[in-house]
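What follows is one structure encoded as structure tokens, with my remarks underneath.
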Amino acid sequence: VKVAETEEAILAVIPKMEDINNRINLNIAAYNELEDVIDEANELLSDPNINTYYGDKMGDAAGEKEEIVKAHTLGTEEVEAAAKELEDLKDEAQDYIWRMEKLQNEMETAKNIYEEYKEECAETAIDAYNAFVKKYEELDKSNLTTDDVNALIEELWDVEFHLTVPKEVASDDNPVDYTAKVQYPSFDDGATGW
């Protein structure tokens with residue numbers, strides 16, 4: 001602008017200035033978003049249900065991202081990528097907490113099923129239930145991942161299923177109550193009608 005000698009030359013600078021201003025604002029917004037994600041990650045780190053695996057991983061990542069904020073030297077795309085990386089890790093850690101809660105609730109359900117059907121089910125089903133409970137009690141939960149917890153839930157569902165299968169073989173001469181295996185549709189499970 002200082003060296004421009006004509007109105008046209010001055011007007012030609014305006015779009016360049018607007019572009020610079022827009023890029024600066026986008027960069028500021030990216031840094032603000034990164035700071036928000038860091039705050040959310042640090043808050044999640046204080047959750048007593050987070051395990052060592054995710055706690056260490058997220059703590060290290062949040063520390064690295066805090067250094068990015070302090071330095072203020074990266075372009076918008078790099079800052080956005082850093083925020084997304086931490087956001088993904090935060091989501092995975094939160095998912096782990098939710099799934100652990102689901103597993104613990106399912107353990108209570110399995111215990112109730114065991115108490116109800118232990119007299120009628122096969123010995124192998126009882127052994128499988130007791131083996132799962134022992135395995136869970138002895139399990140090092142500090143290093144479990146979300147996938148590990150999902151596998152435990154699937155295994156527990158299988159244990160629950162076998163607990164409700166009567167040990168006797170049904171026949172005309174020997175009727176067996178299979179009522180427990182009847183699964184009625186439920187609106188809670190997504191059924192919308194007949």
(message) If I ask for residues that are loosely packed, with under 14 Cβ neighbours inside 10 Å and under 27 Å from Thr145 (Cβ atoms), which ones from segment 105-114 would you list?
(response) Asn105, Glu108, Thr109, Lys111
(request) Kindly establish whether Ile38 is within 17 Å of Thr146 (Cα to Cα), among the aliphatic types (A, V, I, L, M) and touching a residue at least 12 places away in the same chain (Cβ under 8 Å). (result) no
(message) Can you say whether Ala12 is among the small types (Gly, Ala, Ser), open to solvent by less than 80 Å² (accessible area, probe 1.4 Å), within 30 Å of Glu64 (Cα to Cα) and in a helix (DSSP H, G or I), as far as the supplied structure shows?
(response) no
(request) Name every residue in segment 132-170 that is free of Cβ contacts under 8 Å to residues at least 12 places away in the same chain, closer than 24 Å to Lys57 by Cα and either surrounded by 14 or more Cβ atoms within 10 Å (Cβ to Cβ) or touching a Phe, Trp or Tyr at 6+ places or on another chain (Cβ under 9 Å) (or both), in order of residue number. (result) Asp148
(message) From the list Lys90, Lys102, exactly one residue is open to solvent by 70 Å² or more (accessible area, probe 1.4 Å), charged (D, E, K, R) and assigned to a helix (DSSP H, G or I). Which is it?
(response) Lys102
(message) For segment 122-165, give me the residue count where each residue is more than 13 Å from Gln104 (Cα to Cα), within 19 Å of the chain's Cα centre (by Cα), in a helix (DSSP H, G or I) and hydrophobic (A, V, I, L, M, F, W, C).
(response) 1
(message) Being over 22 Å from the mean Cα position of the chain (by Cα), more than 30 Å from Ile38 (Cβ to Cβ), modelled with pLDDT of 95 or more and among the polar types (S, T, N, Q) is the requirement here; does Asn105 meet it?
(response) no
(message) Need pairs with beta-carbon distance below 8 Å; first residue closer than 11 Å to Asn143 by Cα and in contact (Cβ under 8 Å) with a residue 12 or more places away in the chain and within segment 50-66, second among the basic types (Lys, Arg) and part of a helix (DSSP H, G or I); sequence gap 6+ or separate chains.
(response) Asn51/Lys141
(request) Determine whether Ala110 is in a helix (DSSP H, G or I), over 23 Å from Tyr54 (Cβ atoms), over 16 Å from the mean Cα position of the chain (by Cα) and not hydroxyl-bearing (Ser, Thr, Tyr). (result) yes
(request) Could you tell me which residue of segment 26-71 is nearest to the chain's Cα centre (by Cα), considering only residues that are among the polar types (S, T, N, Q) and open to solvent by less than 80 Å² (accessible area, probe 1.4 Å)? (result) Asn51
(request) Would you mind finding the one in Tyr117, Tyr184 that is open to solvent by 70 Å² or more (accessible area, probe 1.4 Å) and modelled with pLDDT under 95? (result) Tyr184
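The values are calculated or read from the model by the stated rules, or taken from the named source; none is laboratory data. Computed from a predicted model, the values in this text were never measured in an experiment. All Cβ positions, glycine included, derive from the backbone under ideal geometry; neighbour counts span all protein chains shown. Areas reflect the complete protein model, heavy atoms only, side chains present, ligands, DNA and RNA absent. Shrake-Rupley method; radii C 1.70, N 1.55, O 1.52, S 1.80 Å.
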